1. Taking the stretch 72-105 on its own, how many of its residues are assigned to a loop (DSSP other than H, G, I, E, B), hydrophobic (A, V, I, L, M, F, W, C) and modelled with pLDDT of 95 or more?
2. For residues in the stretch 178-224 being assigned to a loop (DSSP other than H, G, I, E, B) and charged (D, E, K, R), which is nearest to Asn153 (Cα to Cα)?
3. With the condition kept exactly as written, say whether any residue in the stretch 189-200 is under 18 Å from Cys121 (Cα atoms), out of contact with any helix residue (DSSP H, G or I) (no Cβ under 6 Å at 6 or more places or on another chain) and of a type outside the set (Gly, Ala, Ser).
4. Going through the stretch 197-209 one residue at a time, which ones are more than 13 Å from Lys175 (Cβ to Cβ) and either within 44 Å of the chain's Cα centre (by Cα) or in contact (Cβ under 8 Å) with a residue 24 or more places away in the chain (or both)?
Amino acid sequence: MTPLNWQETSPKGTVQLHPEGSPASSSNPWFAVSIGLMGIILGFAIGSWRASNISVAGGSQIAAAPIAPPIAPTAVAQPQPPQPVGKPPAPIDPKADRIRGDLSKAKVALIEYSDFECPFCKRFFPTAKQALSTYGDKVAFVYRDFPLSFHQNAHKEAEAGRCVFDLGGNAAFWKYHDYVFEKTTSNGTGFPLDQLPVAAKQAGVDSAKFQTCLDSGKYSKLVDDEETSGGAAGVTGTPGNFVVNLKTNDFKIISGAYPFDTFKTAIDAMLQ
């Protein structure tokens with residue numbers, strides 16, 4: 001077997017290694033083997049040191065890099081009716097309140113503080129009718145005035161409703177109520193004031209007596225007082241709705257023209 005020769009090559013040629021004056025490797029094969037083993041060990045040590053430095057450097061860079069937290073999925077907020085605040089609405093007065101349904105048989109009342117020029121009240125109008133048709137005598141619907149100041153015709157329409165109620169009772173008022181909400185385009189002047197006598201006539205009351213009542217401002221303060229009472233109970237806008245258990249007086253506020261299912265859930269809870 002030919003002995004291994006570890007030689008360092010220089011640009012000028014080959015140099016034979018003779019450490020500590022020892023003979024050349026050609027005359028001592030064990031010396032060549034020893035030199036080879038030393039080279040392997042030295043090379044391994046140098047390689048390990050370099051690998052260690054690279055690993056540490058790389059590791060420090062990774063550690064220093066900011067790690068972004070996982071992005072949480074955005075929750076889609078669902079509209080939830082607010083819980084009762086303030087105090088319950090004023091007790092229902094069969095003589096003063098406009099009531100749809102049989103209060104003597106009802107277990108739950110749906111009380112609406114409303115504005116005849118409010119587009120959301122117009123949207124709620126069929127929802128209230130659906131509640132009555134669904135529950136029959138178990139539910140009575142009560143309409144109360146809450147005319148908003150920026151709806152120019154709302155206050156006078158509320159007064160007109162009171163005049164119709166005074167002259168024709170519940171039956172006449174609900175005809176007036178339905179007619180105005182069916183005809184108005186909302187947002188302030190959707191139902192012209194000069195058409196109020198027409199609405200009163202559709203409700204079946206004497207037009208001359210209606211006009212006298214309306215012109216007198218007889219019910220202006222009552223409309224204001226009803227709005228103040230609603231505000232004290234927590235109404236901040238229209239429609240401001242209360243679902244009330246007539247036996248326990250437990251109640252829930254549902255502010256806004258929510259779908260019928262929202263009211264059904266509240267009414268079912270009150271009926272238990």
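1. Residues meeting the conditions: 4.
2. Lys218
3. So far as the stretch 189-200 goes, yes, one or more of its residues are under 18 Å from Cys121 (Cα atoms), out of contact with any helix residue (DSSP H, G or I) (no Cβ under 6 Å at 6 or more places or on another chain) and of a type outside the set (Gly, Ala, Ser).
4. The answer is Pro197, Asp206, Lys209.
Quick grid of which residues meet (1) of a type in the set (A, V, I, L, M); (2) modelled with pLDDT of 95 or more; (3) within 22 Å of Phe124 (Cα to Cα); (4) exposed (fewer than 14 other Cβ atoms within 10 Å of the Cβ):
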| residue | (1), (2), (3), (4) |
| --- | --- |
| Phe173 | no, yes, yes, no |
| Val205 | yes, yes, no, no |
| Phe210 | no, yes, no, no |
| Glu227 | no, yes, yes, no |
| Ala233 | yes, yes, yes, no |
| Asn241 | no, yes, yes, no |
| Asp268 | no, yes, yes, yes |
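The values are calculated or read from the model by the stated rules, or taken from the named source; none is laboratory data. Not measured: the values here are computed from a predicted model. Backbone-built Cβ (ideal geometry, glycine too); neighbour counts: all protein chains shown.
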